[in-house]
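The values are calculated or read from the model by the stated rules, or taken from the named source; none is laboratory data. Not measured: the values here are computed from a predicted model. Heads up, the Cβs are rebuilt from the backbone with ideal geometry, glycines too, and the neighbour counts pull from every protein chain shown. For the accessible areas, the whole protein counts, side chains as well, though only heavy atoms, and no ligand, DNA or RNA atoms are used. Shrake-Rupley method; radii C 1.70, N 1.55, O 1.52, S 1.80 Å.
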Amino acid sequence: MAGGRRRLRCLSPACLFLAAAVALLAMPGLAAARTRRYTFNVTMATVTRLCVTKSIPTVNGLFPGPKVVVREGDRLVVQVHNNINSNVTFHWHGIRQLRSGWADGPSYITQCPIRPGQSYAYDFRVVGQRGTLWWHAHFSWLRATLYGPLVILPPRGVPYPFPKPDREVPLMLGEWFNADPEAVIKQALRTGGGPNVSDAYTFNGLPGPTYNCSAAAGDTFRLRVRPGRTYMLRLVNAALNDELFFAVANHTLTVVGADASYVKPFAATTLVISPGQTMDVLLAAAAASPPAPAYAIAVAPYTNTVGTFDNTTAIAALEYAPLQGATALLALPPPALPLYNDTSAVANFSAKFRSLASARYPARVPRSVDRKFFFAVGLGADPCRSRVNGTCQGPNGTRFAASMNNVSFTMPRTSLLQAHYQRRYGGVLTANFPAAPPVPFNYTGAPPNNTFVMHGTRVVPLRFNTSVEVVLQDTSILGAESHPLHLHGYDFFVVGQGFGNYDAANDTARYNLVDPVQRNTVSVPTAGWVAIRFIADNPGVWIMHCHLDVHLSWGLAMAWLVNDGPLPNQKLPPPPSDIPKC
Ligand code: C2O
């Protein structure tokens, strides 16, 4: 084309067309979207942590798994080959999957699992999102080791709405089990009791020096920094069952993004991040030579569980100069973290999130609502029905269960999306998930006598483009606890939250409909409620579930069935030819 020094005459229609195309491509944000291809070979690999050597499921032999990088607008194709002795699927946590529900990944919801020896290509576009998301296995508890970052850069030429950091570092917080996590959940489901807890928290897979037998140089995550530079941490909570506090000693962090949407920047010394959530934070290294050569980075759990939990603190190092040995690391003064059950610290932190709501990134908050739902979420129980000898190990000899509106989700044996596509619902799902609890009660007061749940694969059918509000109300049945609720296929706006029982008359009036944060995972506050809104403009079947895996295993899930719209581009396309069969 007419590039370079020599100018060619461009008069013919073909030449003018090409010139226009080139000019368009040169405009920021309109450069040709690329197709990014990755191959995931799911294989067992040997890993040692805390002096325990074991074989764990990995992607390409890596733990944590490989970083996937795309730009907003790109198409991403991930070819998965399952070489382990278990079913597997992958979920691209937070990706909207606009009309690509077949690539969403939750097993038995949008696809049958990929069986051992089989392959499946996840093929989708990344539209209208930028920041940090992540990918993880979505079958049983396999995500304990099968996870990695999914970085979405802005389109070429489009700057961040904050000063460009000197370096960007994905930092995945995880949980390490000395036991096989699959054996842990299997045993819990057999006995009806709570599962054994993890043995350590990890930074990019590394537990650090606070744990026994974890003092080797390679056991600690180290972030080397230079004075005067700014670092963007792409934080992900990939832990199975724990919300986490996070802090860096002597450093204030600036939160600039969450769940792949920009937020109004705010400063914080301690972060709270729930499983499933991501946060982009800027860390400004000390200007000149810092008073100490290194500082501790710490994570510790936030929980109000009545059961046991992994009450440990993991440490990583922020190094201005290399630290010598584990003793030096342990000698670093740890950052002050709130107490493990400090619910008001959590509420104060989550209240700070606001959408950026700029001209370029407007917050399109639904102002009116077509359908309102009220979901009571929490724990419950099942009768023992002894699969174990004697009593079960749940509350009062029962089995633990979890529910929304007292319905505990039964995993179907076939994919809901396939059943929907074929309009063959019989024996698979029923479209009668309750819009409110069957019997209202004092959700955060003294629990009702009967704590038993119902079971079913129940969905809420929605007309295309319905404007939806859901109030998620925590219950104190078997203990009030916060529940990180994750919605597949959508981002939602968090328009309100509070403690106690939701009070429609007063609470609705206080909603933020101007710049509420947009997320895919929000924690229902302990003994409180949160209100979310979204427009059901993405046809398919979308699971909404607690991202504490133990609660998901106990049934804390439901699904939305969003019907096709009238226009061709509002319909779910047919499944890809390699979609696995059940
Ligand atoms: Cu991050 Cu349904 O999952």
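Taking into account only those residues within segment 61-80 that are open to solvent by 10 Å² or more (accessible area, probe 1.4 Å) and not in a loop (DSSP other than H, G, I, E, B), which is nearest to Pro149 (Cα to Cα)?
Filtering first and then ranking leaves Val69.
For residues in segment 260-271 being open to solvent by less than 10 Å² (accessible area, probe 1.4 Å) and more than 16 Å from the ligand (Cβ to nearest atom), which is nearest to Thr230 (Cα to Cα)? Please lay out each step first, then the result.
The first filter runs over segment 260-271 and keeps only residues open to solvent by less than 10 Å² (accessible area, probe 1.4 Å), leaving 260, 263, 268, 271.
Pick out the ones that are also more than 16 Å from the ligand (Cβ to nearest atom) and you get 263, 268, 271.
Working: Val263: 18, Ala268: 16, Leu271: 18 Å.
Among residues in segment 260-271 that are open to solvent by less than 10 Å² (accessible area, probe 1.4 Å) and more than 16 Å from the ligand (Cβ to nearest atom), the one nearest to Thr230 (Cα to Cα) is Ala268.
Would you say Ala446 is open to solvent by 40 Å² or more (accessible area, probe 1.4 Å), assigned to a loop (DSSP other than H, G, I, E, B) and hydrophobic (A, V, I, L, M, F, W, C)?
Numbers: open to solvent by 40 Å² or more (accessible area, probe 1.4 Å): yes; assigned to a loop (DSSP other than H, G, I, E, B): yes; hydrophobic (A, V, I, L, M, F, W, C): yes.
The answer is yes for Ala446.
For segment 128-182, enumerate the residues that are part of a strand (DSSP E or B), within 18 Å of Ala200 (Cβ to Cβ) and within 16 Å of the ligand (Cβ to nearest atom). Give the steps one after another, and end with the answer.
Looking only at segment 128-182, we keep the residues that are part of a strand (DSSP E or B), and these are 131-137, 147-153, 167-176.
Keeping just the survivors that are within 18 Å of Ala200 (Cβ to Cβ) gives 147, 171-176.
Correct list: Tyr147, Met172, Leu173, Gly174, Glu175.
From the list Thr457, Thr451, Thr414, exactly one residue is within 16 Å of the ligand (Cβ to nearest atom), over 24 Å from Asn348 (Cβ atoms) and open to solvent by 10 Å² or more (accessible area, probe 1.4 Å). Which is it? Steps first, answer last, please.
Working: Thr451 fails: within 16 Å of the ligand (Cβ to nearest atom); Thr414 fails: within 16 Å of the ligand (Cβ to nearest atom).
It is Thr457.
Out of the residues in segment 399-411 that are open to solvent by 20 Å² or more (accessible area, probe 1.4 Å) and out of contact with any helix residue (DSSP H, G or I) (no Cβ under 9 Å at 6 or more places or on another chain), state the one that is nearest to Pro576 (Cα to Cα).
Met411
Would you mention how many residues in segment 81-99 are crowded, with 22+ Cβ neighbours inside 10 Å and either away from the ligand (no atom under 16 Å from the Cβ) or part of a loop (DSSP other than H, G, I, E, B) (or both)? Please lay out each step first, then the result.
The initial filter retains those residues of segment 81-99 that are crowded, with 22+ Cβ neighbours inside 10 Å, namely 82, 88-97.
Those left that are additionally either away from the ligand (no atom under 16 Å from the Cβ) or part of a loop (DSSP other than H, G, I, E, B) (or both): 82, 89, 94-97.
The number of residues fulfilling the criteria is 6.
For segment 32-55, give me the residue count where each residue is more than 22 Å from Phe203 (Cβ to Cβ) and in a loop (DSSP other than H, G, I, E, B).
Taking segment 32-55 as the starting set, the residues that turn out to be more than 22 Å from Phe203 (Cβ to Cβ) are 32-44, 55.
Then keep just the ones that are in a loop (DSSP other than H, G, I, E, B); that gives 32-34.
Matching residues across segment 32-55 total 3.
What are the residue pairs meeting all of these: first residue in segment 88-103, first residue under 20 Å from Val59 (Cα atoms), second residue acidic (Asp, Glu), Cβ atoms under 8 Å, and 6 or more apart or on different chains?
As it stands, the answer is His91/Asp104; Trp92/Asp104; Gly94/Asp259; Gly94/Asp491; Ile95/Asp104; Ala103/Asp123, since those pairs meet every condition given.
Give me the pairs: first residue in segment 261-280 and touching a residue at least 60 places away in the same chain (Cβ under 8 Å), second residue buried (at least 20 other Cβ atoms within 10 Å of the Cβ) and acidic (Asp, Glu), beta-carbon distance under 6 Å, and six or more apart or on different chains, which are they?
From residues that are touching a residue at least 60 places away in the same chain (Cβ under 8 Å), the pairs are Ser274/Glu243; Thr278/Asp259.
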